[in-house]
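Undergrad: One structure, as structure tokens, below. Some questions next.
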Amino acid sequence: MKKKKNVMPFRPKKVAKIQPLPPLLMAKLQTAMNAQVAGNNELAIMASEEIIKAAPNHPDAYHLIACVLGSVKNYLSALQYFNLAIERFSGNPVALNNRGNVFQALKQPELALMDFDSAIKIAPNYAEAYYNKGIVLGTLHQIEEEIKQYDIALKYKPNFPEAYNNKGIALQKLHRMEETLACYQAGIAQNPNGVEAFYNNRGLVYQNLGRPEEALDDYNKAIDIDPNLADARFNRSLCYLLRGDYGVAWEEHEWRWNRSTYPRRVLPGIVYDGSQDLNGKTLFIHGEQGLGDMLQFCRYAKLAKDAGAKVLLGTEKPLVKLLNNLEGVDQVVTTGDAIPPFDYHIALMSLPYAFKTRMDNIPHGIYIKPDPELVDQFKGQFFSFGRKKNVGLVWSGGFRPDQPEVWAVNERRNIALEKLLPLKEADVNFYSLQKGEGPEKELEDCLGWKNMINDTAHFKDFADTAAYIASLDLVICVDTSTCHVAAAMGKEVWMMNRFDTCWRWFMDRTDSPWYPTIKLYRQPKLGDWESVVQNIKKDLIEWAK
């Protein structure tokens, strides 16, 4: 996980004044500033209030109280005191910069930008103001402009590791990986406090560049400095998973629960960790992460059932009907349902750890079985079976608007529909399996695919998708939930895989021990879908004969 981009800390500074404070009040101001730096906020505020009583038109004490309140995230009160300070002296760039930080914290980016611009107008070489302006522009997804602000900040303050860090994160969003590496290297060279975060971030870049050994080396460096750095521990687990080192990977993967950004479901009772006897007990398996993860790891319900448990499975509504007849599951529950009593609970992605999964004991086989009545209904309604084989297509994964941290990955795993046009040289019937407003509009607008059969308006949930897939001969798709549905059904699947492959597909394999009927077509370099499409076209033409 990348280090979160924080605004610069509140730093009280002595600034130009309307008139000097008397010596006694100046000494009290110094006492207040020292107390704030030492973390004694109560003394800092008390001393500042005494100054305000004696010199109510002087801005410094108001500014100091505002900094104290901001440092404890009491942003509304901090804003009031910043306003009072700036009313008394509007020419203080530090106060304007700090108030801009408060506006940013209050999710008022336009007001924050106004304050940063005002601070820069007064002090054109004020590096922190450019830096903070860059952060705000990043939240507005103006990435190029964000990078420009970090460059200006570094011009005026070359020893500014935070700016290198944030610039690196921004460059990574634009897939400018080599430049990102250079940023992190520059930050590491300055050996800042928190250098372990730079190693972690650089490790992520190495992963994206398909260099897992170098990534692992950086994660190890970060963890050597801070063994409790959860982001690095989690990212290291993904490297282990990618290499198939399941003996250490699944235990390390449990570090995800210590990450500040990882959502945790709080449930009563005892967490199942594999050591407890499940015979005669009720186990509640609850979902986490995406639908694809549920589809891949719901197979563990059978292992729990075989161990003697009654199994409750919690999943999202689009999967309820499909998983109702999953082997090993006694009851499916979903959002809004009352959860029946249980003895133990476990998060979905902890199942491989609890069941001590290794490369040689991965549970596999056909475990998703569509409703036979739905299969017959769709077969009669939508399909005609002549000499041509029927191929399903998915070119875009689901968009998660509430998870901006995965937007860049989504962009890399999806392929523009137009790039798949060479596949039409194969003598097959193409059927869209694509859901989602954006990609469905893409199909509507793509003249070259006007003859693709599209019945997805009839898909209410994944039970319908699975029933429809049952009548196809092959599914060609990107790494998304429909891929897991088809592969878990035992359907032949050709998956178009991004270069920075997900850990579940390993590095240099064209098959998968998780799904015996899947074939992987991985990009030879970052962003190279053309090679993938050409390889699939060649195989598809031969397969269609």
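Undergrad: Restricting attention to segment 275-304, which residues are in a loop (DSSP other than H, G, I, E, B) and basic (Lys, Arg)?
TA: Scanning segment 275-304 gives Lys281, Arg299.
Undergrad: For a quick check of your reading: which helices (runs of 4 or more DSSP H) sit entirely within segment 34-152 and have at least 3 residues that are surrounded by fewer than 18 Cβ atoms within 10 Å (Cβ to Cβ) and over 27 Å from the mean Cα position of the chain (by Cα)?
TA: The helices (runs of 4 or more DSSP H) meeting that bar are 41-54, 75-88, 109-122.
Undergrad: Counting only residues that are within 24 Å of Lys491 (Cβ to Cβ) and buried (at least 19 other Cβ atoms within 10 Å of the Cβ), which one in segment 335-366 is nearest to the chain's Cα centre (by Cα)?
TA: My answer is Leu348.
Undergrad: Check every one of the helices (runs of 4 or more DSSP H) wholly within segment 436-520 and list those with 2 or more residues that are at negative phi and among the β-branched types (Val, Ile, Thr).
TA: 462-469, 481-488
Undergrad: I would also like to ask the following. Between residues in segment 421-449 that are within 25 Å of Phe462 (Cα to Cα) and surrounded by fewer than 18 Cβ atoms within 10 Å (Cβ to Cβ) and residues that are hydrophobic (A, V, I, L, M, F, W, C) and modelled with pLDDT under 90, which pairs lie under 9 Å by C-beta distance while being six or more apart or on different chains?
TA: The qualifying pairs are Gly436/Phe399; Glu437/Phe399; Gly438/Phe399.
Undergrad: Six or more apart or on different chains, Cβ under 7 Å: which pairs go from a residue in segment 132-157 that's at negative phi to one that's of a type in the set (Val, Ile, Thr) and surrounded by 15 or more Cβ atoms within 10 Å (Cβ to Cβ)? Could you list them?
TA: Asn132/Val7; Ile135/Val7
Undergrad: Restricted to segment 153-175, and to residues that are closer than 20 Å to Arg211 by Cβ and surrounded by fewer than 16 Cβ atoms within 10 Å (Cβ to Cβ), which residue is modelled with the highest pLDDT?
TA: Leu174
Undergrad: Are there any pairs, at least 6 apart or on different chains, whose C-beta atoms fall under 6 Å, with the first in segment 364-386 and under 29 Å from Tyr300 (Cα atoms) and the second modelled with pLDDT of 90 or more and of a type in the set (Lys, Arg), and if so, which?
TA: Listed by first residue and then by second, the contacts come to Tyr367/Arg299.
Undergrad: Out of all the residues in segment 319-334, which are touching an Asp or Glu at 6+ places or on another chain (Cβ under 8 Å), surrounded by fewer than 20 Cβ atoms within 10 Å (Cβ to Cβ) and either within 17 Å of Ile362 (Cβ to Cβ) or modelled with pLDDT of 95 or more (or both)?
TA: Selection gives Val320, Lys321, Gly328.
Undergrad: Taking the criterion of being among the polar types (S, T, N, Q) and touching a helix residue (DSSP H, G or I) at 6+ places or on another chain (Cβ under 8 Å), would at least one residue in segment 268-282 satisfy it?
TA: No: zero hits.
Undergrad: Let me ask another. Among Gly308, Gly274, Gly269, which is more than 15 Å from Leu351 (Cα to Cα) and out of contact with any strand residue (DSSP E or B) (no Cβ under 8 Å at 6 or more places or on another chain)?
TA: It is Gly308.
Undergrad: Looking at segment 186-195, is at least one residue under 21 Å from the mean Cα position of the chain (by Cα) and not hydroxyl-bearing (Ser, Thr, Tyr)?
TA: No, the conditions are met nowhere in segment 186-195.
The values are calculated or read from the model by the stated rules, or taken from the named source; none is laboratory data. Computed from a prediction, not measured in an experiment: that's the story for all the values here. FYI the Cβ positions are ideal-geometry reconstructions off the backbone, even for glycines, and counts take in every protein chain you see.
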